[in-house]
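The values are calculated or read from the model by the stated rules, or taken from the named source; none is laboratory data. Keep in mind that what you see is a predicted model, and the values were worked out from it rather than measured. Here the Cβ is made from the backbone with ideal geometry for all residues, glycine too, and neighbour counts use every protein chain on show.
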Amino acid sequence: MKGLEDLFKKLCPYCHEDSYSASGVGNWVCPYCSKNITDVLPETAGSKKLYQVDTNQEVIDNEEIKSNKV
């Protein structure tokens with residue numbers, strides 16, 4: 001069984017409800033208001049750590065991105 005740390009969460013900017021998914025990539029539609037929230041950055045459900053999706057549809061940790069920038 002997956003724990004919260006294994007799930008991704010997005011806060012819908014339209015209805016302000018939390019939406020959860022096992023994947024942080026791909027199309028994401030809010031289950032409450034049916035708006036497309038794909039462009040909202042996901043965070044892990046058990047933390048406030050933000051992630052972003054690169055052009056290869058891989059989830060990247062923002063700390064990793066910061067440390068790799070020159």
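For (1) among the acidic types (D, E); (2) modelled with pLDDT of 95 or more, each residue gets a yes or a no:
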residue	(1), (2)
H16	no, yes
A22	no, no
I37	no, yes
A45	no, no
Y51	no, no
E58	yes, no
K69	no, no
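Can you pull out every residue in the stretch 29-43 that is in contact with a Phe, Trp or Tyr (Cβ under 8 Å, 6 or more places away or on another chain) and of a type in the set (S, T, N, Q)?
Within the stretch 29-43, N36, T38 qualify.
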